[in-house]
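Report on the structure given below.
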Amino acid sequence: IILITPSMLIIFGVLIFPIVYSLVLSFNNLVIKDNTMEWVGLKNYADMFADANWRFSVKQTLIFTVISVFCEIVIGVGVALVLNKEFKGRGFVRGIMILPWALPGVVNAIMWKWIFNANYGAFNALMMQLGFIDKYQAWLATPKSAFICVLVANIWKETPYVVLLTIAALANIDKGLYEAASIDGANGWKSFWTITLPLIKPVLLILLITKTIWALQTYDLVYLMTAGGPMGYTEFLTYMIQKNSFKYLKWGYGSAMAFTLSVICFIMTLIYIKVFMGDDGTKRSGRKKGGKA
């Protein structure tokens, strides 16, 4: 107990206490001038659900999360399957693949902001050369295109993490299973669905959970690329929480938003676990009952 006490004090100070304090704050209105709290009960939550801007932010955040996570998982697994094959220079390509994920979020956001710049961006130059546009476009100034730009930047950065974990999972699969399946006449696509996918399902579950939480918490891209605009199309929940808490100094209102976001993360995590592990749990239960019988 004596040895773990310092660690427990640190955990309590930097994790547990701020969470509890923030929860209490969500039911209060913090008066900054005299540092006092005014109890308001569920008013912050009621105001939040009545706020049309908040509801729109939730919708945009969920759309961003679903599209981002889906593309990252699909592209990441596909690239991992390719990089799992034996070919010359595979180690070098694997090393290059991890670079986008290794970049700091701020660097990634600034880089993509330059790429989509309306005056000298590389994307405009490419589109001009390919003949898709006849003049430079302000991609980050139009609601839908700005949303897509942030989405592309996030997918580009986060996909390598999926590749890394999927390659690690594929390395643990016995090659003999594929040889046996090939002898039985299974093609590559059938082998993927019957062997590869079931065996990497635990890793995919971890990726879905972490990627969903990270996508829901996207902040740096929005702050540096679009500042929540235009017309609030990229004002995701984390940016809205930061704006209300630190710009408008509505600490209780911002805390209510933060805890609502935590609940959304928790619910989506439960859904993933239920969908991915529901059948396995039923089978285990059936085996246990059968054994007792």
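When peptides 146-157, 217-228, 177-188 are sorted by average Cβ neighbour count within 10 Å, with the highest value leading, the order is 146-157, 217-228, 177-188. Under the membrane-span-like helix rule (DSSP H runs whose alpha carbons stretch at least 27 Å along the helix axis, mean Kyte-Doolittle hydropathy 0.5 or higher), the chain yields 52-83, 143-171.
Taking a ≥ b ≥ c as the square roots of the eigenvalues of the alpha-carbon gyration tensor, the stretch 158-237 is classed prolate because a/c is 1.5 or more and a/b outweighs b/c.
Structural descriptor for the chain: relative contact order 27 percent, calculated from alpha carbon pairs under 8 angstrom and at least 6 residues apart.
Between Asn172 and Ala50, the contour length at 0.36 nm per residue exceeds the alpha carbon distance by 38.9 nm. Accessible surface of the stretch 1-126, 1.4 Å probe: 76 percent of it comes from carbon and sulfur atoms. For the stretch 115-263, the gyration tensor built on C-alpha atoms gives an oblate shape. Its axis ratio a/c (a ≥ b ≥ c) is at least 1.5, and a/b is not larger than b/c.
Shape call for the chain from the C-alpha gyration tensor, a ≥ b ≥ c root eigenvalues: rounded (a/c under 1.5), prolate (a/b greater than b/c) or oblate? The shape class here is oblate.
The values are calculated or read from the model by the stated rules, or taken from the named source; none is laboratory data. As the structure is a prediction and not an experimental result, all values here were calculated from the model. Glycine gets a Cβ as well: all are built from the backbone with ideal geometry, and neighbour counts include every protein chain shown. Heads up: the accessible areas ignore ligands, DNA and RNA and are worked out on the full protein's heavy atoms, side chains in. Shrake-Rupley method; radii C 1.70, N 1.55, O 1.52, S 1.80 Å.
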